[in-house]
Amino acid sequence: MKFTELEIPGVHLLSPERHEDDRGYFARSFCERELKDHGLPSRAVQASVSFNHKRGTLRGIHFQWPPGQETKLVRCSRGAIVDVVVDLRPESRTYGRSLTCELTDSNGCQLYLPAGVGHGFLTLRDETEVTYMMSDFYIPDLDGGYRWDDETLAVSWPFEPTVISQRDRDLPSFDAAEHEREMRRRLGDS
């Protein structure tokens, strides 16, 4: 795999090194040793899949509050998505900034997302499937998120979503989510 660190520290684009012949290709999609060689934690305890019927389906922007923050490896195994990552680490030089990356079944790329970033995506094709590997177990009580169209974050979506869950429509703004983060931090300190 080829590793490219993106604009948000710790976020990497992993591109497959394909070995092709007349049958098709073979490529590695996960290697604990390669991740460790690049200084990236590689623990995986859970894997999930998200299937989306329609182009224009939006999921996100989601994260888990401490202490349940997850490292994720995200791949589009069928179809195509614009993946969005938002830096939620107050100590980071890119705090509050976002980046987008196109993941498709044909490019085979994956995003490595460190703990402390928010994540969401918009499907570019019907019948799109996204797979995740996570470093920690999902904890419903630590589930968090914020609005996909938040003005502070100003994510550059390629077009207006057409399918959004009520849960995602009801997510708070970035400022409100960060207020909750600060309150959780303070409660943890007391």
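Read-outs: derived from the displayed coordinates by stated rules, not from any lab. Computed from a predicted structure; not experimentally measured. Neighbour counts run over all protein chains shown; Cβ positions are idealised from the backbone, glycine included.
So here's what we get for this one:
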read-out	value
Integer Hz, Karplus 6.51/-1.76/1.60 couplings in order for the stretch 104-111, x for Gly and Pro	9, 5, 7, 7, x, 6, 10, 10
Qualifying GluC sites (Glu not before Pro) for the stretch 70-155 [loop in DSSP, other Cβ within 10 Å: at most 15]	E91, E127, E151
Computed [θ] at 222 nm, helices only, for the chain once each DSSP H run of length n ≥ 4 contributes -39500 (n - 2.57)	-4000 deg cm²/dmol
Using alpha-carbon coordinates, inclination of helix 174-189 to the longest axis of the chain, degrees	70 degrees
Relative contact order (percent, whole number), the stretch 2-189, Cα cutoff 8 Å, 6+ residue spacing	28 percent
Euclidean distance of C-alpha centroids, the stretch 81-124 and the stretch 1-71, integer Å	10 Å
